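Here is the structure we will look at, set down as structure tokens.
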Amino acid sequence: LKERATKDNDWIVRGAAVEELANHFKDDPETKSILKERATKDNDWIVRGAAVQGLAKYFKYQPELFEIYHQCAVNDPFECKQDYETNPRRIALEIIIKQFPQHPQTLPLLGDRAKNDPDEQVREFAQKKLKQLKG
């Protein structure tokens, strides 16, 4: 399963393996490392998104993951081609807002994404959340 998550040529297989690792092997020390790597280095947006969601679900509120989410929110290369696609940058922003609302980089990150994200939906989401958090 670990090999399928990291080395399979098919994004569907990698994505399924990432989800299964997160769901059933969260106590294996290698799982978190694999998820972190797939969240930032996989060449498919679905696999990156699944890895970020797996980290958020099974490794909640772990401060060392903030940097992974931040990196995803700023640097994920996703480009929307279909309406049904979920941008991993938005997923990462949602996680940061839920798990790290008081982190000193959360508001500056939202401000940056509200102005500079290439995806209009992410910009609008960041603008809305920024208003809510600032009150």
With the checklist (1) without any contact (Cβ under 8 Å) to a residue 24 or more places away in the chain; (2) under 21 Å from I97 (Cα atoms) in hand, flag the one item A17 doesn't pass. (2)
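To keep it simple, each residue is scored yes or no on (1) without any contact (Cβ under 8 Å) to a residue 60 or more places away in the chain; (2) surrounded by 21 or more Cβ atoms within 10 Å (Cβ to Cβ); (3) hydroxyl-bearing (S, T, Y).
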| site | (1), (2), (3) |
| --- | --- |
| T31 | yes, yes, yes |
| L35 | yes, yes, no |
| N43 | yes, no, no |
| V47 | yes, yes, no |
| Q53 | yes, yes, no |
| Y61 | yes, no, yes |
| A73 | yes, yes, no |
| K81 | yes, no, no |
| A92 | yes, yes, no |
Does the stretch 60-71 contain at least one residue that is touching a Pro at 6+ places or on another chain (Cβ under 6 Å), more than 23 Å from E3 (Cα to Cα) and of a type in the set (A, V, I, L, M, F, W, C)? no
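Yes/no per residue for (1) under 30 Å from E30 (Cβ atoms); (2) basic (K, R):
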| residue | (1), (2) |
| --- | --- |
| A56 | yes, no |
| P63 | yes, no |
| E79 | no, no |
| D83 | no, no |
| A114 | no, no |
| A126 | no, no |
| K129 | no, yes |
Looking only at the stretch 95-115, count how many residues are out of contact with any Ser or Thr (no Cβ under 9 Å at 6 or more places or on another chain), surrounded by 18 or more Cβ atoms within 10 Å (Cβ to Cβ) and of a type outside the set (S, T, Y). 6
Leading residue by the ranking (farthest from K134 (Cα to Cα)) among those in the stretch 59-103 that are in a helix (DSSP H, G or I) and among the polar types (S, T, N, Q): N75
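None of the figures in this text is laboratory data; all of them are computed from the coordinates on show. Keep in mind that what you see is a predicted model, and the values were worked out from it rather than measured. Because the Cβ atoms are built from the backbone with ideal geometry, glycine has one as well, and the counts that use them run over all protein chains shown.
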